[in-house]
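S.K.: Sending over a structure as structure tokens; questions will come in a sec.
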Amino acid sequence: MKLSVLDQSVSGAGRSQDAALQNTLALAQSSESWGYNRFWVSEHHSHPSIVGTAPEVLMAAIAARTTRIRLGSAGVMLPHYAPLKVAEQFRVLNALAPGRIDLGVGRAPGSDGRTAQLLNPDRSASDRFPQQVMELKVWVTGQEMPVGHPGAGVHAYPLSSTHPDVWMLGSSDYGAQLAAYLGLPYAFAYFITDGQGVDQALEIYRESYKPSDEHPTPHATVCVWALAADTEEEAWFQFQSRSRWRMDRNVGRIGPLLPPEEAVRDYSVSEQMALDQLKANAFVGSASQVANKFRAFAERLKIDELVVITWAHDPAIQKRSYELLAREFALTPH
């Protein structure tokens with residue numbers, strides 16, 4: 001089974017936000033050396049926890065520091081932008097890292113409503129998402145817009161022998177249906193839904209898939225949150241940073257990730273129930289425990305690749321988790 005990485009440049013309490021981006025660059029280099037298949041970065045805005053606001057800029061920096069691993073956005077929140085401009089940005093990235101670029105797109109704002117409106121004052125922008133994706137696909141792949149389209153005769157440069165691979169990202173049936181209709185690879189954000197809807201979304205995607213020239217068969221992956229450590233006890237101790245963040249977010253408090261020793265607090269009965277459910281579904285433990293959970297999960301969903309996202313206050317803990325999983329799955333640089 002292939003493993004990939006999604007890193008969100010998470011801000012840690014007591015650490016600068018600049019350091020979060022530097023940690024992302026370092027993790028990308030390490031992920032390549034360990035044999036991970038892809039390294040994806042996300043887009044969020046006005047978010048005190050997740051400070052990766054410009055995936056295309058971060059990807060350029062990563063491209064300059066790597067040579068083999070695929071690089072991608074997970075994803076570009078397309079309703080904020082003009083498809084032509086996004087296509088140009090990613091064709092430039094492809095020129096810098098030929099044949100290694102994944103262009104993952106999503107419909108969600110990656111922010112609150114007020115911030116989304118500041119990024120694009122058009123409140124109905126997301127209604128045109130399917131059309132935007134179709135236009136983006138044409139410009140990214142170097143095809144011609146049909147006669148009568150405002151973009152006929154317009155090209156996204158630079159043109160080259162390779163081009164970015166467009167992915168559809170989603171956490172509901174909507175993205176699955178659109179990916180199937182357009183013949184695109186699909187990534188389900190399991191870490192957002194805590195597992196809800198993943199079986200149905202993948203079933204819809206596979207059963208309604210329309211083959212495309214580039215992707216004659218459906219190709220799906222799932223993005224999961226996981227944390228491995230040298231011992232199960234250590235993994236659950238470090239998990240407290242993530243669980244505290246989730247419980248705080250549920251009541252509207254969002255901030256930098258706390259160190260685990262500061263993350264423990266008294267929870268209400270309802271919060272404790274939510275926390276217990278979170279832990280029950282979590283991919284947390286020793287490397288072998290997490291790997292066994294991964295294998296069973298992938299077999300159930302009939303997928304051969306997982307994209308792993310890991311939060312830890314200490315970057316060394318995050319890095320160790322990925323290193324342990326790479327060793328457990330005997331990943332090799334490709």
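Every number here is computed from the coordinates shown, using simple stated rules; none is lab data. All values reported here derive from a predicted model rather than from experimental measurement. Glycine gets a Cβ as well: all are built from the backbone with ideal geometry, and neighbour counts include every protein chain shown.
S.K.: Within the range 107-201, which helices (runs of 4 or more DSSP H) (wholly inside it) include 3 or more residues that are surrounded by 14 or more Cβ atoms within 10 Å (Cβ to Cβ) and in contact with a Leu (Cβ under 7 Å, 6 or more places away or on another chain)?
M.R.: 129-141
S.K.: Still on this structure, please answer the following. Could you check Leu275 against (1) of a type in the set (A, V, I, L, M); (2) surrounded by fewer than 16 Cβ atoms within 10 Å (Cβ to Cβ); (3) closer than 19 Å to Thr193 by Cα and say which number it fails?
M.R.: If we test Leu275 against (1) of a type in the set (A, V, I, L, M); (2) surrounded by fewer than 16 Cβ atoms within 10 Å (Cβ to Cβ); (3) closer than 19 Å to Thr193 by Cα, just (2) comes out false.
S.K.: List the number of the failed condition for His313; all other conditions in (1) in a helix (DSSP H, G or I); (2) buried (at least 16 other Cβ atoms within 10 Å of the Cβ) hold.
M.R.: His313 satisfies all of (1) in a helix (DSSP H, G or I); (2) buried (at least 16 other Cβ atoms within 10 Å of the Cβ) except (1).
S.K.: Does at least one position in the range 60-77 carry a residue that is among the aliphatic types (A, V, I, L, M), touching a Lys or Arg at 6+ places or on another chain (Cβ under 7 Å) and surrounded by 15 or more Cβ atoms within 10 Å (Cβ to Cβ)?
M.R.: Checked the range 60-77: at least one residue is among the aliphatic types (A, V, I, L, M), touching a Lys or Arg at 6+ places or on another chain (Cβ under 7 Å) and surrounded by 15 or more Cβ atoms within 10 Å (Cβ to Cβ).
S.K.: I'd like the residue in the range 30-49 that is out of contact with any Pro (no Cβ under 9 Å at 6 or more places or on another chain) and closer than 20 Å to Arg114 by Cα and, out of all such residues, is surrounded by the fewest Cβ atoms within 10 Å (Cβ to Cβ).
M.R.: Out of the qualifying residues, it is Ser46.
Yes/no matrix, rows are residues, columns are (1) of a type in the set (D, E, K, R); (2) assigned to a loop (DSSP other than H, G, I, E, B); (3) touching a residue at least 24 places away in the same chain (Cβ under 8 Å); (4) more than 22 Å from Glu323 (Cβ to Cβ):
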residue	(1), (2), (3), (4)
Asp18	yes, no, no, yes
Gln22	no, no, no, no
Ala26	no, no, yes, no
Ser33	no, no, yes, no
Ser46	no, yes, yes, yes
Ala60	no, no, yes, yes
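S.K.: Against the definition (more than 27 Å from Gln22 (Cβ to Cβ), in contact (Cβ under 8 Å) with a residue 24 or more places away in the chain and part of a helix (DSSP H, G or I)), how does Glu56 come out, yes or no?
M.R.: Taking the combined requirement at face value, the residue does not satisfy it.
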